[in-house]
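See below for the structure under consideration.
Read the figures in this text as sums done on the coordinates, not as results from a lab. Computed from a prediction, not measured in an experiment: that's the story for all the values here. Here the Cβ positions follow ideal geometry from the backbone for every residue, glycine too, while neighbour counts run over all protein chains shown.
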Amino acid sequence: MVEFNPYDAETWANPYPAYAALRAEAPVYRNDDPQFWALSRHADVLGAHNDWETYSSTGGVTIEGVEKDFPMLIVKDPPEHHWHRRIISKVFTPRRMAELESFIRRRAGELLDAQRDAAEFDIVGEFALRLPLDVISELLGIPAEHRMTVSHLSDLLTERGPDTDPGQFAEASAGLLALYLELVAERRRKPQDDIISMIMQTEVADDEDGRTRRMADEEIAFRFLELGSAGHETVARAIPNGLMAMTRFPDQARLLRADLSLAAKAVEETLRFDPPSQLQGRSTTRDVALHGVTIPAGAKVMLITGSALRDETVYDNPDAFDLGRREHPSTLFFGFGIHRCLGAHLARLEIKIAYQEIFARYPEFHVDIDRAERQVSTNVRGVSRLPFVVDQASAPVPAGA
């Protein structure tokens, strides 16, 4: 009988065998402690994402659902979801993304060049964490002196495990909220040509009643809490996930090293092979009959993206990292339907540039997977430390070479 607890440290370190067992033996799985149901097959996960009326986000997107009462976009369904999303979508316009590209590349180069003389360094702490943190901070206007606080508190938001303080989520969210409320209040006093000021001044029509809507200060602060956390956590985990995959599959690393234009494909395959966002929580609004099992109304259901993207009925040889892969039936790693990630394009861009800058500078390297350190969290899977080892027969290429 298959057992699955996403907070078990051994499972978190490598959940894919458990996912395969779920798909084969229990595509509709029930866990009594903690209480949740789980869908693991691609078709079922995709179907649930597209059926928000049955699989609601309003009960929270984690097993515990501690965030369900917060005024956050991820726990809103239509009609309220629509007008909030319309405002926030203005943050991620093509023009803003194009403006950020040169900043991302310059910052990636600066971080890597700072390690130019190191034979080994922590690619997470020195690069993968700092790059997306600086990017989302640049986009949102978070001052440099607050950025590491945002990173630390965001980690505490998602951390889970037997030693986790039960009050940690509330304390971390309160700390982030206070920081963002302070930034909002500052922009009220002194409006600037930045994202915070733009969101304050943006009005949109509500489809439900036709009234013009504008976000209150607390709503803006919560939007920034979401964007500030999600905007760097997933990218910070995806970059080392991809480097570990290419260390395990050195032939694919050689392909990318020989042709940096493959970086975009490396991004897609990283997000399929080992996505940082593994689980998305929903709550059923009615009884659901699926594969001979009935999920009752009001149940917590986890949509296992990490399993869906290894579904052997959809992907050939799904447990291989393959830059030549052609099957990409859906971008489930960014969610789907009305809750698809607004920052998907930005995340792809950051990871692509990270790969290009790393492979351009280091003719030969590997990451030491055996010394990687992991931290169990709600739904963002990755490593908190990963040694990046420069091959002794090789030296980093100076910037601009």
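Calculate the dipole size of the chain relative to its Cα centre from +1 charges on Lys and Arg beta carbons and -1 charges on Asp and Glu beta carbons; express the result in debye to the nearest 20.
1040 debye
What ranking do GLU126, GLU350 get, fewest neighbouring Cβ atoms within 10 angstrom at the top?
Listing GLU126, GLU350 from fewest to most nearby Cβ atoms yields GLU126, GLU350.
For GLU364, enumerate residues with amide H under 5 Å from its amide H, sequence gap 5+ or separate chain, H modeled in the peptide plane.
Excluding prolines and chain starts, which carry no amide H, the hits are ASP391.
Based only on other Cβ atoms within 10 Å, what is the fewest-to-most ordering of VAL135, VAL293?
Listing VAL135, VAL293 from fewest to most nearby Cβ atoms yields VAL293, VAL135.
Which is farthest toward the positive dipole end of the chain among GLY298, SER277, GLN375, measuring Cα position about the Cα centre, with Cβ charges +1 (Lys, Arg) and -1 (Asp, Glu)?
SER277
Report, ordered by chain and residue number, the lysines lying within cross-link reach of LYS352, taken as a straight Cα distance under 21 Å and ignoring same-chain residues fewer than 8 apart.
Cα-Cα hits under 21 Å: LYS265.
Arranged by the count of other C-beta atoms within 10 angstrom, fewest first, what order do LYS190, LYS300 take?
LYS190, LYS300
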